[in-house]
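The values are calculated or read from the model by the stated rules, or taken from the named source; none is laboratory data. Please read these numbers as outputs of a predicted model, since none were measured by experiment. Positions of Cβ are backbone-derived with ideal geometry, glycine not excepted, and every protein chain shown enters the neighbour counts. SASA here: full protein model, heavy atoms, side chains in, ligands and nucleic acids out. Shrake-Rupley method; radii C 1.70, N 1.55, O 1.52, S 1.80 Å.
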Amino acid sequence: MHSIRSALHQAQAQLNNSPQLDAIDARFESQLLLQHLLNANRAWLITHENDVLTADVQARFDQLVNRRADGEPIAYILGNREFYGLNLTVSPATLIPRPDTEVLVDAALNKIPANTPLQILDLGTGTGAIALAIAQQRPQVQVTAVDASKAALEVAINNSKQLHIPNIHFLLSNWFNNLNDTLFDVIVSNPPYIEDTDAHLNQGDLRFEPSSALASGADGLDDIRRIIDGCLIHLKPQGWLMLEHGYNQAPAVADLMAQTGLVNIETYKDFGGNDRVTMGKNPLIVSSHWD
C-alpha cells in the first residue's frame, strides 16, 4: 500500500509521460484527482502526506490516473469545470468551457447596461456556461438558452439549479427553429467552427468531446452561416449578434455579417492575442437602449 505522498509521486510520473502534460501539469492534476477522490483540499493532502491509502482507494485512484493518461479530459473525470467564477457540471454530452470563451461573456456584458431588463439569447448553450455567466452578472435580464441536444440541455438545467440562477429559460431547439417570432436585444453563441477534416479533432481532449459541438463543414463556417443568416429575424432594432470563432475566421465572419446587413462590426481578441469574437449590430432604429 502507498502513502499519499508516494501515490502522488507515482501518478505524477505516469502523467508526465503523457504527451498532453508537462511536469507541472502532471503534478497539479495528480493532486486534483486525489483531492476529488478523497473529497479533500490540497492543504489536507500536504498535512496528511504520510497517511496510507487503503487498497480500495489506491485502486480507484489508479483508475482515474489511467483515464487521464489515456487522454480523457480531466474536466470529464472530475465532472466539473470553472468558468467565469461559476463551478459548472460537465459531461461527455457537452463541450468543455474554455477560458477564451470568457471573452464572449465580457463582450456581451459590455453591451448590456446594468439595471436594464433586456432579452438575451444563447444559441447552442451546452453546459449553459455563457448564458449562466451573463444571467448571474446581469440579474435584471432574461436569458433564453437553447441547444439541439437534449442531454446537453439537461446538464445546463442542472447547472442553473445548482447555482440558483433563476433568470434563465431553457429550450430544446436547433438554432432558431423553435423560437417562433421572439426578439432579443443580444444574441450570443459559441457555435461549432472547426473544419470537418481538421486533424486536431483526433488529438488531445477533442477526441472525447461531442463532434457536433466542434466541427461545422468543410471550412468550419456552416453553423456560423446559419446563425448569421437567421439573426435579423430575431434581433431587436439596434440589437447585437456576437459569435465566437476560430483564430483565423474573423475576416470571413465579418464579411458574412456585413453581407447580411449588420453594421458596427468589430472583433475582440482572446487571452492569447488571437481574434476570437466578432460582433455586429442590427441597424434598424426603434429602441433607445443602445448608444
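Protein heavy-atom accessible surface, 1.4 Å probe, per residue over the chain: 47 Å².
Each of LEU95, PHE208, MET1 was placed along the dipole of the chain (beta-carbon charges, centred on the mean Cα), and the one lying farthest toward the positive end is MET1.
Pairwise Cα separations in segment 207-289 fall into 10 Å bins from 0 onward with the following percentages, short to long: 17, 46, 29, 7, 1. Using C-alpha pairs below 8 Å separated by at least 6 residues, the relative contact order for segment 100-244 is 25 percent.
Quick one: if the Förster radius is 41 Å, what FRET efficiency do ASN264 and LEU32 give, using the C-beta to C-beta distance and rounding to 0.05? Calculated transfer efficiency: 0.45.
As a length-normalised measure over Cα pairs under 8 Å and 6 or more apart, the relative contact order of segment 1-100 settles at 28 percent. Helix 150-163 axis versus longest C-alpha principal axis of the chain: approximately 80°, rounded to the nearest ten. For segment 1-92, with all protein chains present and a 1.4 Å probe, just round the carbon and sulfur fraction of the accessible area to a whole percent. About 49 percent, which is the carbon plus sulfur part of the accessible surface. The figure for ILE285 is an accessible area of roughly 140 square angstrom, using a 1.4 Å probe on the protein chains alone.
How large is log10 of I(q)/I(0) for segment 108-221 at q = 0.10, 0.20, 0.22 Å⁻¹ when the intensity is taken from the Debye formula with one equal scatterer per alpha-carbon? Normalising to I(0) and taking log10 leaves -0.32, -1.05, -1.17. The gain in end-to-end length when the ASP56 to ALA114 segment is fully stretched comes to 15.7 nm, 0.36 nm per residue minus the alpha carbon separation.
Per-residue ellipticity at 222 nm computed for the chain from its helices equals -11500 deg cm²/dmol, with DSSP H segments shorter than 4 residues left out and the rest contributing -39,500 (n - 2.57). Atom-type composition of the exposed protein surface of segment 217-291 places 52 percent of the accessible area on carbon and sulfur (1.4 angstrom probe). Please enumerate, by chain and number, the lysines with C-alpha under 27 Å from the C-alpha of LYS269, excluding those fewer than 8 residues away in the same chain. Cα-Cα hits under 27 Å: LYS111, LYS236, LYS281. Per residue, the average separation of C-alpha pairs within less than 8 Å and at least 6 apart gives the chain a relative contact order of 14 percent.
How about LYS161: which lysines have a C-alpha closer than 22 Å to its C-alpha, ignoring those fewer than 8 places off in the same chain? The reachable lysines, counting only those whose Cα sits under 22 Å from LYS161, are LYS150.
If the Kirkwood radius is taken over C-alpha pairs of the chain, then at 4 °C and 1.567 mPa s the Stokes-Einstein diffusion coefficient equals 63 µm²/s.
The calculated FRET efficiency for the pair ASP25 and ASN174, based on their C-beta separation and a Förster distance of 35 Å, comes to about 0.40. Need the C-alpha centroid separation for segment 137-182 versus segment 10-55, integer Å. First find each Cα centre; the distance between them is then 36 Å.
From the Kirkwood radius over Cα pairs of segment 1-121, Stokes-Einstein at 4 °C and 1.567 mPa s returns a whole-number translational diffusion coefficient of 79 µm²/s. Where does the Debye-calculated log10 I(q)/I(0) of segment 91-151 sit at q = 0.14, 0.25 Å⁻¹, using only Cα point scatterers of equal weight, no solvent? Values returned for q = 0.14, 0.25 Å⁻¹ are -0.39, -1.06. Sorting 26-37, 105-116 by their mean Cβ neighbour count within 10 Å, with the most densely packed peptide first, gives 26-37, 105-116.
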